Amino acid sequence: MKLAMATRNPAKLREIEPLFRDTPIRLATLADLDVEQRPEEEHLEAFNSFAQNALAKAEYFHDRTGLPMMAEDSGIRVDALNGEPGPRSKRFAPPEMQAEYGVDRANNLYLLRQIRDVADEQRTAHFHCAVAVVLDQESRVFGGRVDGVILYEPRGESGFGYDPLFYLPERGITTAELTVEQKNEISHRGQAMRAARDWLLEYLGA
């Protein structure tokens, strides 16, 4: 089974692909499929819900390609910011900051600015992920969550997004210091992707 992923981010594919090894499911990104990028794609994540955003993306690209489609929406909720940035995680920093520093670095710098005066015990945060799978006759959404603390400065070279700031107290490292295997084992995205994979395998009778 070819399963298309509604992403053009190769880092996401590298992280997710190991979960589908030794299965009859083969992943392909939009770039692999030469799916042209269109302006309306910028408005697919218009909801204040990870699940709704993931489903909107999966349905849109399923309609465009006719292929089984998997989409995910993930982000970070910071308690001291009343759950922000949430589904706006990728667009948290102002556009001018993102243009100057790049998306990930700008978002991390902006988050640190927003909570620079917040005490250690109040810097709790949560990574959330929703994975939607859309097939011709059926669709499902799966979720995952991991809890942590926002550091005062980045640590680690792996991962992407807010990983260098997201500290896991029980492991003593950030999610940017985990190996791909460790991250898939515990991360919000790993949880949701495993649930989606297991459902697909059951659906396929594999």
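So the values come out like this:
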{"read-out": "Region 52-157 - percent relative contact order, Cα under 8 Å, separation 6 or more", "value": "30"}
{"read-out": "Value of relative contact order over the chain, rounded to a whole percent, pairs C-alpha under 8 Å and six or more apart", "value": "19"}
{"read-out": "Rg to Rh, two decimals, where the chain supplies the alpha carbon set and Rh follows Kirkwood", "value": "0.97"}
{"read-out": "At most 14 other Cβ within 10 Å, DSSP loop - trypsin sites (Lys or Arg not before Pro), region 1-106", "value": "R8, R21"}
{"read-out": "Percent antiparallel among DSSP beta bridges (both partners in region 2-204, rounded to 5)", "value": "80"}
{"read-out": "Region 1-79: GluC sites (Glu not before Pro) in DSSP loop, at most 10 other beta carbons within 10 Å", "value": "E36"}
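Read-outs: derived from the displayed coordinates by stated rules, not from any lab. Note that this is a predicted model, so its numbers are computed, not measured. Backbone-built Cβ (ideal geometry, glycine too); neighbour counts: all protein chains shown.
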